[in-house]
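Only the coordinates and a few stated rules stand behind these numbers; no lab work does. No experiment lies behind these values; they were computed from the predicted model shown. Every residue, glycine among them, receives a Cβ derived from its backbone with ideal geometry; neighbour counts consider all protein chains shown.
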Amino acid sequence: MDDWLEPAFANLLENKKFSDCQIIVGKESFDSHKVILASASEFFERMFLSDFKESKSGQFRLSEVKPETFAKFLHYVYTYNKKKLEENTNLMIMELLSCGSTWLVQSITSDCAAILKVRAPNMVISDLVELFQYAHNTNNKELIEISVKYLRSRFGTTMNCYDALLLTSDVFEQYTIISEGYLPEIERFKMIESYVTVNGLIEHVTEEPSEDVVDDKKEGTDSGVGEMVIPKSSSEDSEDEISELDGQPGTSKAICDSNQKNPDTVHKGVHRPDEPKDSKIKLIHHKYVKTLLGYIKFSKMAKNEFYNIIGKSALLSDKEKYENLFLTY
């Protein structure tokens, strides 16, 4: 952007001159200019050209973005000031990367990715775990590789951290996979146990629900446990492109969906009329937990580790504990 245009457009944003739309984010509203947002983003162009009542009223509501993040996004699309962008925290840069990916703004996506690549070698583990999540959210393979590289090289033996518990189920599965050979096996198991406990997936995991009752899938369309469905940005989403596995029982995507739609299904001792549906969700959770446990190498555990940790865990049945005990050294 020309030097004289940048302050001119920034001034438009500050004094709201000639604004012709309001973007409502949470409890805040932002007076904006359709021509600037539409020229920066195909997403906003389509939104402004739609026949919805919002396009007639001039007020548009956005969800899944924080007001402070949208304010930073607006400043960028009005100025394209990369130096100003670099002043933000790592987390804000990641959130802006996600906005750029969702709203089809290639320039901010590229600028944010470039900043994160430079910062990654010096990030603390919490930021690298966040980067691992956001890189998957935006399907940015280069950032995925970079986050894995520095997680392993700098924090390999301490990857069992609190931040890992906040990952989405599909990304946590990938996190479990990349920790192999770096995090001790007993720590990998403890990380899985913490994750499924905190996220309410631990109920009845040692006793698999009957598929005869809850699984109405046809033969040849198995649940696909362990098959990852990486979240796409809206720029990649279309009915033709979405995987057939997306949302099917047993996939990590289905687990995320089931937790959101049925937050009460993890409570014990609660009987509801939709019990068959709850049973199917329990089956999905059960298969997911078993998939995670399938990545654990019990042969690399000492017998005393197994006895003190695995032996007291609710994730394995007594039969499974007995069988795996003989794999330890």
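Kindly rank 148-154, 321-327 from highest to lowest mean number of other beta carbons found within 10 Å of each residue.
148-154, 321-327
When the chain is fully extended, how far beyond the present Cα-Cα distance does Glu87 get from Ser107, taking 0.36 nm per residue of separation?
5.5 nm
Could you give the length gained on full extension between Ser39 and Glu142, defined as 0.36 nm per residue of separation minus the Cα-Cα distance, in nm?
Roughly 34.3 nm would be gained on extension.
Within the set Lys17/Lys84; Lys66/Lys190; Lys72/Lys141; Lys16/Lys83; Lys141/Lys277, which residue pairs have Cα atoms separated by over 30 Å?
Pairs exceeding 30 Å: Lys66/Lys190; Lys141/Lys277.
Could you pull out which residues in region 60-100 have an amide N less than 14 Å from a spot 7 Å beyond the Cα of Gln22, following the Cα-Cβ vector?
From region 60-100, the list is 60-62.
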